[in-house]
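One structure is given here, and the rest of the page talks about it.
Bear in mind these aren't lab numbers, they're just calculated from the coordinates by the rules spelled out. Predicted, not measured: the structure shown is a model, and the values here were computed from it. Here the Cβ positions follow ideal geometry from the backbone for every residue, glycine too, while neighbour counts run over all protein chains shown.
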Number of protein chains: 2
Amino acid sequence: MVQSIDPGQAFPARCDYHSGCRERLLSAAESLCRESGTSLTANRRAVLDILSESHHSLGAYDILERMDAGAGRRPGPAAVYRALEFLSGLGLVHRLGSRNSWFACSRPGEHRGRSQYWICANCGVVGETESEEIAQILPELALSMAFRLDRVSIEIEGECRGCQLQIKG
Amino acid sequence: MVQSIDPGQAFPARCDYHSGCRERLLSAAESLCRESGTSLTANRRAVLDILSESHHSLGAYDILERMDAGAGRRPGPAAVYRALEFLSGLGLVHRLGSRNSWFACSRPGEHRGRSQYWICANCGVVGETESEEIAQILPELALSMAFRLDRVSIEIEGECRGCQLQIKG
DNA sequence: CGGCAAGTGCTATAATATATCATTCCACGA
DNA sequence: TCGTGGAATGATATATTATAGCACTTGCCG
């Protein structure tokens with residue numbers, strides 16, 4: 001087995017009431033903040049809460065719209081982007097460049113920056129894998145080009161198993 | 001050697017007057033259009049010309065600005081986006097999701113959709129590699145997840161050799 | 001208390017991308 | 001030669017995504 005994560009488990013269930021993910025994310029957020037001497041403020045927590053409701057990716061303005069659900073007033077876009085920047089800095093959320101959207105990390109605190117993101121074009125759910133091989137190959141390639149590698153983004157678009165079954169059957 | 005392209009050659013020279021690239025791109029454009037029964041119209045060619053001037057990536061509006069250099073009048077953004085969509089459909093240009101920008105393909109007509117893009121954060125030049133290993137691993141991973149893989153985007157940000165040398169020395 | 005740093009609110013605006021519909025251009029057949 | 005149909009473009013408006021700038025608040029620490 002060459003995967004550090006069983007790929008059979010990598011693509012999350014379609015259901016939004018996934019268990020464990022939110023709790024894991026929140027506790028990772030708290031410990032990462034503690035470690036880094038920052039704080040999980042109300043805004044940041046609100047954005048994290050919204051993203052952690054499902055494994056779908058959301059646009060920043062989608063997040064913004066959901067932020068008045070509880071409170072009466074809605075912040076400006078900058079508040080959302082500031083929170084997203086903070087959270088992605090800690091690896092708690094990721095940005096999908098191919099769609100200008102954001103989603104909650106499935107494995108916060110682990111394997112920072114070494115994930116592949118699998119995006120179902122039909123249902124919008126995003127899964128993550130961590131391929132050991134890719135984690136090895138890219139630095140080797142970089143070395144052979146004398147390229148200093150800072151950040152990697154791997155986005156794969158296609159259709160998840162669940163959607164294929166549903167559409168076909 | 002596991003690379004189909006020598007990685008030592010993958011990152012393009014910093015100079016903008018690179019030889020061969022433009023010619024290769026243009027002739028690939030013509031043959032791809034011929035094969036697909038489409039045509040390389042003036043607009044499309046203008047966008048391709050602008051992108052092929054260097055290995056840098058450009059925003060759509062940067063391209064737009066350069067489109068009045070010769071002619072007196074400038075088209076609207078839609079013209080640029082239409083050309084970009086057409087050209088990227090043929091694999092002649094690529095979009096960088098991490099930066100919302102576009103660049104000319106270094107290897108038009110080959111290995112469609114199997115490239116890795118190496119982006120120098122300092123000089124903005126974009127190089128391409130085609131890793132055989134990655135070309136194998138991703139479909140295997142997809143298979144094990146029962147995920148139908150349609151499109152892959154691999155973007156690596158860092159600093160190229162030339163810029164590292166220049167800054168340090 | 002006073003001063004600093006981090007975070008936020010608020011407003012404006014920049015940057016990126018698409019929708020819609022009229023018009024042009026050109027190849028092709030009657 | 002004319003008309004017709006499809007592809008591409010022009011033109012205008014607008015949607016979507018993201019950042020800038022600056023005042024204010026809050027909490028901490030001397």
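Could you give each residue of region B:156-162 its phi-based ³J(HN,Hα) in whole Hz, using Karplus coefficients 6.51, -1.76, 1.60 with θ = phi - 60°, and x for Gly or Pro?
So the J values, rounded to whole Hz, are 10, 9, x, 9, 7, 3, x.
Can you list the HN-Hα couplings for region B:50-58, worked out from phi with the Karplus curve (6.51, -1.76, 1.60; θ = phi - 60°), rounded to whole Hz and with x for Gly and Pro?
Per-residue couplings from phi come out as 5, 5, 7, 5, 7, 9, 7, 9, 10 Hz.
Residue A:110 versus residue A:61, label points 7 Å from Cα toward the beta carbon: distance in nm?
3.6 nm
What does the structure give for A:119-131 when I average, per residue, the other chain Cβ atoms found within 10 Å of the residue Cβ? Present the calculation step by step, with values, prior to reporting the outcome.
Numbers: counts 4, 2, 3, 1, 0, 0, 0, 0, 2, 0, 6, 0, 5.
Mean inter-chain Cβ contacts per residue within 10 Å come to 2.
Can you run phi through the Karplus equation (6.51, -1.76, 1.60; θ = phi - 60°) for region A:26-31 and list ³J(HN,Hα) in whole Hz, with x for Gly and Pro?
Result, rounded to whole Hz: 5, 6, 5, 4, 5, 6.
Using only the alpha-carbon atoms of region B:15-168 as identical scatterers, what base-10 log of I(q)/I(0) does the Debye formula give at q = 0.13, 0.16, 0.19 Å⁻¹?
-0.66, -0.95, -1.24
Taking a label point 7 Å out from Cα toward Cβ, give me the nm distances from residue A:136 to the same spot in the other copies, shortest first, one decimal.
1.1
The protein assembly as shown: percent of C-alpha pairs farther apart than 29 Å?
Values: 25969 of 56953 pairs.
It works out to 46 percent of all Cα pairs.
So if I place +1 on the C-beta of Lys and Arg and -1 on the C-beta of Asp and Glu, and nothing else carries charge, what would the dipole magnitude of region B:15-168 be about its Cα centre? I want it in debye, nearest 20. Mind dumping the intermediate values first?
Numbers: 18 positive and 20 negative charges, 83 e Å.
Dipole magnitude for region B:15-168 comes out near 400 debye.
Take every DSSP beta bridge with both residues inside region A:60-169 and express the antiparallel ones as a percent of the total, to the nearest 5. List each step's numbers first, then the result.
On the way: 8 of 12 bridges.
The antiparallel proportion sits near 65 percent.
Relative to the other copies, what are the label-point distances for residue B:88, with labels 7 Å from Cα along the C-beta vector, expressed in nm at one decimal and sorted shortest first?
Distances between equivalent label points, in nm: 1.7.
What residues have an amide H closer than 5 Å to that of residue A:131, excluding those fewer than 5 places away on the same chain, when H is modeled at 1.01 Å from N in the peptide plane?
Distant-sequence amide H within range of residue A:131: A:116.
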